[in-house]
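Here's the structure, in structure tokens; my notes come after.
The values are calculated or read from the model by the stated rules, or taken from the named source; none is laboratory data. From a predicted model like this one, the values you see are computed outputs, not experimental measurements. Here the Cβ positions follow ideal geometry from the backbone for every residue, glycine too, while neighbour counts run over all protein chains shown.
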Amino acid sequence: MASTDTDTGAGPQAPETSRTPEQPATSDPARTQTGKPDAAADLAGLEAGLDALDTRTATRPPLGQVLRRKVVPPVVAIALVLGLWQLAFSLRLKPSYQLPGPLMVWDALAEEWYKGTILSIIWQSVSRGALGFVVALVLGTCLGLLVAQFRPVRAAIGPILSGLQSLPSVAWVPAAIIWFGLTDATIYAVVLLGAVPSIANGLVAGVDQIQPLHLRAGRVIGATGLRGVRHVLLPGALPGYISGLKQGWAFSWRSLMAAELIATSPELGAGLGQLLETGRAYQDMPLVLGAILLILLVGIGIELLIFAPVERRVLRHRGLLTTAH
Amino acid sequence: MTTTLTTQTTSKTPKAQPSPASAPGAGVKDARPAMDEAGYAARIEHVSKSFGRAGAEQLVLDDINLDVAPGEFVTLLGASGCGKSTLLNLVAGLDKTSAGSIDVPGGRPSLMFQEHALFPWLTAGRNIELALKLRGVPKPERRAEAERLLELVRLTGAHRKRVHELSGGMRQRVALARALAQDSQLLLMDEPFAALDAITRDVLHEELTRIWSETNVSVLFVTHNVREAVRLAQRVVLLSSRPGRVAHEWNVDIPHPRRIEDSEVANLSVEITEELRGEIRRHGQH
């Protein structure tokens, strides 16, 4: 009575042994007389076809295109700004002791360079910034994990931590000078107070952005407790964490400049902030502008050389980076 | 033709077991003896679950009794609000029962979700290797074992692929491989193919049936799709809604290989759908 269904014909003519996956993916000859395709061969071919149809291959744009789209526009913008600056200088909109031309600034920087002090000044600031940032990284990460993971801690200090971000860290400078005097401790205290909240907040935001599904999946495969933190929580929070680090660096660099600018004393090594203050004291506008440019360049350089590549790499791996078209 | 059999009792008739082609996870501690001794892969006894504040609780599952035999494929079918996903979470240990007990002698079950739930910060292969690592597989063996599992789901060579580079069907296959990497004797599946297009879903039904017969894993598969339930299962369990109770059970004796368009699948689906509609209709009557 079952044999009336010739079109489906599920029956004993298709034994289990014919369904081994090792069979090559042949197409039509694999069909049996009943019209039902041989399962293994047909399935493998079908699946390969579906995979091929559905897979999007991401291609990286050629180098020429990258240069044209990413490098040329900022170069043109900088040239334009320099041109306008030079124009304003040439038209004498302001006396030259107030608005020096680009070449005068360049000469001022060249003079510092020939004095042989400029590299040590930059290094002084960068090494202070880097050391402060590393300490802030450790403190901020611990603090961020505590706030993200423990509800009472979050309730207690979460709002304070976000509030601290909007407090300009230069406001701490007078307090730090009273506490620590004109020492390196003052500078580091200001840098830490500026950077730690950003890093901690970034980590908290990153943890909050983890999909609940990933946390559940982690628990199902056995990533609980510390192993959950290590294998799910931290990698899951990485995008938010990295933007926190970027902001943390920007805040430490800013705070450092504020601290160096205000806390100047012979005992403290000279950094870029002190260079700026020296320029102001001597009414040396080319030097002031040169110092500002250097501060800007160091900030941009570290962002471009360290943070941007790391962030791009993380986002690209997760498919979160849309390639610019 | 009467290949189907309608029962309302919780019969635990062992089915003709599909021949296991290979034992999974060779060389790692085997949870099978515990399960063989118990005689079931999962036993759900008088399980109830309610949500909400004390005093204003909502009963989601009411006195569920269900056994999954070793190597059996059971589908849990029900309309929305029947608590089928809740039941699966309880079996997976992601949530606690309000009453009753759940025994899974083969250790922590693996669970597949409707979304692939793969970690986007790892490659396809690393996702599988992480599950192996957390299971305690020593490092030198992980790579080869991950390759073997990828081969099992027919994704040879996809080890280094990023999750976002894979299609929806491929992601679910990697997720299946990761679930199998846990080497659990019980695989829980929560509508794993619901978000896929019909062609891909059809292909994955075949894949799942093949892998199930090759690994001899027990499967508890939740779905709201009657045809899917009949296509895959040895036994279909219908849950009523609000609260979820076991309303009916059907043993599916349609021989493999099955197709979702087979007339036997269709016939039984019609019968089950009628029952399901009756269950849903009851909610509009008071």
Open item on the list: Exactly one of these conditions fails for B:Ser167: (1) away from chain A (no Cβ under 11 Å); (2) at pLDDT below 90. Give me its number.
Closed with: (1)
- [ ] Write out, first by first residue and then by second, each pair whose Cβ atoms fall under 7 Å of each other, whose residues are 6+ apart or on separate chains, and whose first residue, in region B:257-273, is within 7 Å of chain A (Cβ to nearest Cβ) while the second is of a type in the set (Lys, Arg).
- [x] B:Pro257/A:Arg19; B:Arg258/B:Arg231
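So for region B:113-130 (the condition being in contact with a Ser or Thr (Cβ under 8 Å, 6 or more places away or on another chain), of a type outside the set (S, T, N, Q) and either touching a residue at least 40 places away in the same chain (Cβ under 8 Å) or within 18 Å of B:Ala181 (Cβ to Cβ) (or both)), does at least one residue qualify? Break it down into steps so the answer makes sense when it comes.
If we filter region B:113-130 for residues that are in contact with a Ser or Thr (Cβ under 8 Å, 6 or more places away or on another chain), which is where we start, we get none.
Checked against the condition, which is being in contact with a Ser or Thr (Cβ under 8 Å, 6 or more places away or on another chain), of a type outside the set (S, T, N, Q) and either touching a residue at least 40 places away in the same chain (Cβ under 8 Å) or within 18 Å of B:Ala181 (Cβ to Cβ) (or both), region B:113-130 yields no hits at all.
Consider A:Ile300 carefully, then state whether it is β-branched (Val, Ile, Thr) and away from every other protein chain (no Cβ under 14 Å).
Answer is yes for this residue.
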Task: Filter result (crowded, with 22+ Cβ neighbours inside 10 Å and within 9 Å of another protein chain (Cβ to nearest Cβ)) within region B:170-199 - done: B:Met170, B:Arg173, B:Ala175, B:Arg178, B:Ala179, B:Ala181, B:Gln182, B:Leu188
- [ ] Filter region A:143-176 for residues that are closer than 14 Å to A:Ala205 by Cα and surrounded by 12 or more Cβ atoms within 10 Å (Cβ to Cβ) and give the result.
- [x] A:Leu143, A:Gly144, A:Leu145, A:Leu146, A:Val147, A:Ala148, A:Gln149, A:Arg154, A:Gly158, A:Leu161, A:Ser162, A:Gln165
- [ ] Would you mind stating whether B:Glu115 is within 12 Å of another protein chain (Cβ to nearest Cβ), at pLDDT 90 or above and within 30 Å of A:Arg312 (Cα to Cα)?
- [x] no
Task: Hey, A:Arg280 surrounded by fewer than 20 Cβ atoms within 10 Å (Cβ to Cβ) and farther than 29 Å from A:Ser127 by Cα or not - done: no
Open item on the list: I want to confirm something. Restricting to region A:187-219 and keeping residues that are surrounded by fewer than 24 Cβ atoms within 10 Å (Cβ to Cβ) and β-branched (Val, Ile, Thr), which single residue is nearest to A:Phe150 (Cα to Cα)?
Closed with: A:Val207
Open item on the list: Taking the criterion of being in contact with a Leu (Cβ under 8 Å, 6 or more places away or on another chain), buried (at least 16 other Cβ atoms within 10 Å of the Cβ) and under 30 Å from B:Ala124 (Cβ atoms), would at least one residue in region A:295-313 satisfy it?
Closed with: yes
TODO: Working only within region B:230-281, note down all residues that are of a type outside the set (Asp, Glu) and within 24 Å of B:Ala99 (Cβ to Cβ).
DONE: B:Val237, B:Leu238, B:Leu239, B:Ser240, B:Ser241, B:Arg242, B:Pro243, B:Gly244, B:Arg245, B:Val246, B:Ala247, B:His248
- [ ] Filter region A:133-173 for residues that are assigned to a helix (DSSP H, G or I), under 27 Å from A:Gly299 (Cα atoms) and among the polar types (S, T, N, Q) and give the result.
- [x] A:Thr141, A:Ser162, A:Gln165, A:Ser169
- [ ] Could you list, in sequence order, all residues of region B:88-111 that are of a type outside the set (Gly, Ala, Ser) and either within 9 Å of another protein chain (Cβ to nearest Cβ) or within 17 Å of B:Asn225 (Cα to Cα) (or both)?
- [x] B:Leu88, B:Asn89, B:Leu94, B:Arg108, B:Pro109, B:Leu111
Open item on the list: For B:Ala131, only one of the following conditions fails: (1) within 30 Å of B:Asp62 (Cα to Cα); (2) facing another protein chain (nearest Cβ under 9 Å). What is its number?
Closed with: (1)
TODO: Considering every residue within region B:105-120, establish whether at least one is over 30 Å from A:Leu321 (Cα atoms) and over 16 Å from the mean Cα position of the chain (by Cα).
DONE: yes
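So for region A:299-316 (the condition being closer than 25 Å to A:Leu99 by Cβ, among the hydrophobic types (A, V, I, L, M, F, W, C) and part of a helix (DSSP H, G or I)), does at least one residue qualify?
Yes.
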Task: Elements of type strands (runs of 3 or more DSSP E) contained in region B:67-153, each with 2 or more residues being surrounded by fewer than 20 Cβ atoms within 10 Å (Cβ to Cβ) - done: B:99-103
Open item on the list: Conditions first: (1) assigned to a helix (DSSP H, G or I); (2) surrounded by fewer than 24 Cβ atoms within 10 Å (Cβ to Cβ); (3) modelled with pLDDT under 90. B:Gly157 passes all but one, so which condition is the exception?
Closed with: (1)
- [ ] Inspect all residues belonging to region B:221-244 and state whether any of them is polar (S, T, N, Q), within 14 Å of chain A (Cβ to nearest Cβ) and either within 26 Å of B:Phe113 (Cβ to Cβ) or touching a residue at least 12 places away in the same chain (Cβ under 8 Å) (or both).
- [x] no
- [ ] Go through region B:210-219 and give me each residue that's touching a residue at least 60 places away in the same chain (Cβ under 8 Å) and either crowded, with 21+ Cβ neighbours inside 10 Å or facing chain A (nearest Cβ under 9 Å) (or both).
- [x] B:Trp212, B:Ser213, B:Glu214, B:Thr215, B:Val217, B:Ser218, B:Val219
